[in-house]
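The structure under discussion appears below in the form of structure tokens.
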Amino acid sequence: MNIAAPSAALRPCSLKERIARARVLIFDVDGTLAETEGIHRRAFNAAFLEAGIDWYWDRRTYKKLLRTTGGKERIRAFGRMQSPPRALCDLRLAELHQLKTRHYRRLIGQHTCRLRPGVETMIRDARARNQMLAIATTTTFSNVEDLLSIALHRHWRNLFAAVVAGDDVARKKPAPDAYLEVLARLDRPASECLAIEDSGNGLKAATSAGIPVLISRSEYFRDDDFSSALAVVDELTELIGP
Ligand code: XBP
Ligand code: MG
């Protein structure tokens, strides 16, 4: 385990206590519950191919593009980076993103994406302790449905008291909107919650909403600045068990 900031240093046992004491655990999805960004990347590329657009996002390009959260916003940002800039109207953007979402469903349906280690146990332990669970993500709701109905449980929705997705908020992460919406739906103060995130943008979103954050480092965001997190772990398995 890497403790993020000396001022916020928590020993593993006190971190486990902190997790157990939270009234609500709020999970991010992409990168946190599962390593989905590689699948998102393939879905974007498949959509470009199908739409006859000569773009291909390799891993390095995608890592940079992930600074922009939200698929539509990411496509628009990439278009603006082209020389000459390629502006896509809202309708074209929506069609392209719909194609991408369809390809994401197809790829997820191939059952190749599992939950990250420790996720299922953390959810099970939280339920045994009567803690509330929630989701705050900037991905499209149908992506969450496609992933969790396969990787977690057919009735995954019943496990979460609130699920806020990209479609539900005006501003995506790093804006705090998704987290504020979870707090509003559950009518709980930020101090009773703990967010589990994998990216600098997610960390900013939750901390701007006043919620402390535990980082579970993922493939694409390993070198983000996590200095304002409570702690940083490589896998949630480090935080389960007695
Ligand atoms: C997730 C995202 C999403 C996905 C793509 O960020 O940024 O945009 O990459 O999803 P976070 P859509 O994990 O911080 O919530 O194409 O459905 O927008
Ligand atoms: Mg994430």
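Structure notes:
- For the residues I53, I150, the requirement of being in contact (Cβ under 8 Å) with a residue 24 or more places away in the chain and in a helix (DSSP H, G or I) singles out I150.
- V232 meets the conditions (1) within 14 Å of ligand 1 (Cβ to nearest atom); (2) within 22 Å of R124 (Cα to Cα) in every case but one. The failed one is (1).
- Screening R59, R41 for residues that are over 28 Å from R185 (Cβ atoms), of a type outside the set (A, V, I, L, M, F, W, C), surrounded by 14 or more Cβ atoms within 10 Å (Cβ to Cβ) and modelled with pLDDT of 95 or more leaves exactly one candidate, R41.
- Single residue of segment 165-207 satisfying the filter (near ligand 1 (Cβ under 10 Å from one of its atoms) and farther than 24 Å from S227 by Cβ) that is modelled with the lowest pLDDT: D167
- Counting only residues that are in a helix (DSSP H, G or I), within 16 Å of ligand 2 (Cβ to nearest atom) and surrounded by fewer than 17 Cβ atoms within 10 Å (Cβ to Cβ), segment 67-121 holds 1 of them.
- Matching residues in segment 229-242 - criterion: being within 18 Å of the chain's Cα centre (by Cα) and crowded, with 17+ Cβ neighbours inside 10 Å: A229, L230, A231, V232, V233, L236
- Condition check for I19: assigned to a helix (DSSP H, G or I) and in contact (Cβ under 8 Å) with a residue 40 or more places away in the chain: yes
- Taken together, the residues in segment 173-193 that are surrounded by 20 or more Cβ atoms within 10 Å (Cβ to Cβ), within 16 Å of ligand 2 (Cβ to nearest atom) and in contact (Cβ under 8 Å) with a residue 60 or more places away in the chain amount to 3.
- Here is the figure for segment 194-227: residues that are within 16 Å of ligand 2 (Cβ to nearest atom) and part of a loop (DSSP other than H, G, I, E, B) total 14.
The values are calculated or read from the model by the stated rules, or taken from the named source; none is laboratory data. Because the structure is predicted, anything quoted here is derived from the model rather than measured. Positions of Cβ are generated from backbone atoms using ideal geometry, with glycine treated the same way; all protein chains shown enter the neighbour counts.
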